[in-house]
Amino acid sequence: MYQYDKFDQAIVDARVEEFRDQVNRRINGEMTEDQFKPLRLMNGLYLQLHAYMLRVAIPYGTLSGKQMRMLGHIARKYDRDYGHFTTRQNIQYNWIKLEDTPDILADLASVEMHAIQTSGNCIRNISSDQYAGAAADEVADPRPWAELLRQWSTFHPEFSYLPRKFKIAVIASQEDRAAMRLHDIGLELVMRDGVLGARVFVGGGMGRTPMIAPEIAEFVKADDLLSYLEACLRVYNRYGRRDNAYKARIKILIHELGADEYRRQVAEEFAHVKTLGIDPPLAELERISAYFAPPAYEQGLSDEIDRSNPAFAHWVDQNVKAHKQPGYAIVNISLKPVGGIPGDASSDQIDLMADLAEKYGFDELRVTHAQNIVLPFVAKRDLFTVWQALDAAGIANANLDLVTDIIACPGLDYCSLANARSIPVAQKIAERFADAERQRDIGELKLKISGCINACGHHHAGHIGILGVDKKGVENYQLTLGGSGAEDVSIGKITGPGFDEDGIVDAVERAVEKYRAVRVEGERFIDTYRRVGADSFKEAIYG
Amino acid sequence: MKILTGNDLKTGDVIWWTGKSWSRHIGEAVDAGDNGEAVLAEESAAQRVNAAYIVDAAASPNGPLPLHIKDRVRAAGPTVRADLGINPDVPIVKG
């Protein structure tokens, strides 16, 4: 894992003290809320429906056991004994006191973490593939590149006041586990003739105007990547709309300009930027990459797994994924117990996951955009021990990518922007499909729920998506089908009139049963939907 | 009726205007009538409340009940964590 150098630590420590002074001035009445609000947001501190909420950055979703344990400590000491892992691979605390915030940020800084750029119109936390460094199908480890982008984008003076927020994802596999093309910029690292580079997709996003990012460059050499991204951002910063927040994202600019014209302008800007020498020298890239060297794997470990315990065997089948290193596996910890709150984990559960990472996982964890946790480097001989510990803590849910592995935003239970509650709907759907055998029979089904059009719950990318709306003061839920955030990316389409809280659960079940009735061998829900078309499903849903 | 809500500056707690001060319990909220804006201006300037606003509400046996679900959830706490709410008697879905 990357470790801060003296510059990283110095700027984070300085920011803590700067914010401590700002908080004191606000509490002492030397600043109004209007003056203070942009300053607290720059430090990830929102004021939500019930209290202050602090969003902590987890760069590319990667953290150590020590960092994870600090997240548990903060939940226990400063919050209400739990945290909420988000679709940006971050964590949010829902009950933070303003007067505690400087101490929390100091605690975070002590383990090389912060809450900088988790809000505001800047480049947000870089997201990546949660299997980075462990996946057999990656052409390179995306983490060094994500780290380089973190350093480039942190306090980037030119991009601190963009027209709107800006999200970047980096992957290095054809299988897209990071919803890469639904980001403002999506990078897919690729090899061409032995040279590492990236396909660059720009202008994707969800929100009220979902768009799939078009390919702006089919190959940018790694040596040119920062300059090219700088050019992409510069064109956006110059021409992105600032008169209307709803039309200010880069996807709107590219939609209005057209991808060809945007590509031309970026090329023109790139020709200039490349003369500025911002791409890092090879030595710096090697310095960063060295932090992501493979762990000291044991050689000669067996790939055999004792499957005599049926519950363990189901968990292995569903939550454990293939690793590029013989004898090792990738463990997915689902934070989606039936009836639970998607993405929530208690302080004790967070501590346990930190312990397991330190004992059995080369001290590394990942947060996924699906609000789960990954231990990317676990020896297969330790799987049963890990499972037993997770089971005792209530987080051995064997439902990864199944219908109960639901992404849900905090919704109206916590969020001041939301129009409807998301979590209760997720809970009711999970309870409806609680039968494990039925879930496994249904197979892969990505169900995603947002409580407003901002789409933090990624409903546009759900095989089944649910959008909560306010219909004359009453919660109403629209159903979408056919979305995907994976390499077969697509935007879901609304089926028809919305439903109330119970009606949407019934509608989901009717859609699922339609799939089971007409699927052919090997088809997932999304495959069947694409084959038979929307009308057939609409008929099943609405009669 | 018009009731007033905001957050405690230091703790972030949701608070309601009682006519004399601020309470965490919506049952103690009073109708501010036409004085809402004036009260908010004075209380905000004195830093006794943060991010305050006026809420449309109706009288009920348990005290004022916000008309909009968002403010009812705000009053009650997260509906999915009853253990964290401080006004569990507020009916959420139907006023």
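Full extension from A:R25 to A:E513: what is 0.36 nm times the residue separation minus their Cα-Cα distance, to one decimal in nm?
Extra length from A:R25 to A:E513 when fully extended: 169.8 nm.
Using a 10 Å cut-off around each Cβ of peptide A:48-55, what is the average number of partner chain Cβ atoms that fall inside?
5
For A:17-28, what's the mean count of beta carbons from other chains sitting within 10 Å of each residue's beta carbon?
1
Based on the Kirkwood radius over alpha-carbon pairs, what value in µm²/s does the Stokes-Einstein equation return for the translational diffusion coefficient of the protein assembly as shown at 4 °C and 1.567 mPa s?
51
Pop a pseudo-label 7 angstrom from the Cα along the beta-carbon direction at both A:K359 and A:I494 and give the gap in nm to one decimal.
It is 5.1 nm.
With a cut-off of at most 16 other beta carbons within 10 Å, and DSSP calling the residue loop, which trypsin sites (Lys or Arg not before Pro) in the range A:270-357 qualify? Please list them.
A:R307, A:K324
Of A:K37, A:K167, how do they rank once you tally other Cβ atoms within 10 Å and put the fewest first?
Placing the least packed residue first, the sequence is A:K37, A:K167.
Could you please rank A:C415, A:C409, A:C122, placing first whichever residue has the fewest other Cβ atoms within 10 Å of its Cβ?
Ordered by Cβ neighbours within 10 Å, fewest first: A:C122, A:C415, A:C409.
Among A:S227, A:S127, which comes first, second and so on when ranked by fewest other beta-carbon atoms within 10 Å?
If I rank by nearby Cβ atoms, fewest first, I get A:S227, A:S127.
Work out the charge dipole of the protein assembly as shown with +1 on the Cβ of Lys and Arg and -1 on the Cβ of Asp and Glu about the Cα centre, then indicate which of A:G465, A:A293, A:P326 is farthest towards its positive end.
Result: A:G465, furthest along the dipole toward the positive end.
Along each of the three principal axes of the Cα atoms of the range A:224-359, give the extent in whole Å, ordering the values from largest to smallest.
62, 44, 29
For the pairs A:K321/A:K446; A:K251/B:K70; A:K324/A:K380, flag any whose C-alpha to C-alpha distance is greater than 22 Å.
A:K251/B:K70
Report the FRET efficiency, 1/(1 + (r/R0)^6), for A:L257 and A:Q174, where r is their Cβ-Cβ distance and R0 is 35 Å, rounded to 0.05.
Efficiency at R0 = 35 Å is approximately 0.75.
For the range A:407-542, state what percent of all Cα-Cα pairs lands in each successive 10 Å bin, counting from 0 Å until the bin that includes the largest distance.
Reading upward from the zero bin: 13, 46, 33, 7, 0.
Sorted from largest down, give the three principal axis spans of the alpha carbons of the range B:1-57, whole angstrom values.
28, 22, 17
Counting every Cα pair in the range A:152-265, what percent are over 26 Å apart?
Everything past 26 Å amounts to 14 percent.
Can you pull the Rg over Rh of the range A:6-109, Cα-only, Kirkwood?
Computed over Cα atoms, the ratio is 0.96.
Give me the dipole magnitude in Debye, nearest 20, for the range A:264-365 about the Cα centre, with unit charges on the beta carbon: positive for Lys and Arg, negative for Asp and Glu.
360
Starting from 0.36 nm per residue, how many nanometres of slack lie between A:D502 and A:H272 once their C-alpha separation is accounted for?
Contour length minus Cα-Cα distance gives 77.1 nm.
Under the definition of partner shielding as Cβ atoms of other protein chains within 10 Å of a residue Cβ, what is the mean value for peptide B:76-87?
For peptide B:76-87, the averaged partner shielding equals 5.
Using alpha carbon coordinates only, what is the Rg to Rh ratio of chain B, with Rh defined as the Kirkwood radius?
Value, to two decimals: 0.95.
Throughout, read-outs are computed from the coordinates displayed, never taken from laboratory work. All values reported here derive from a predicted model rather than from experimental measurement. With ideal geometry, Cβ positions are generated from the backbone for all residues, glycine too; neighbour counts draw on all protein chains shown.
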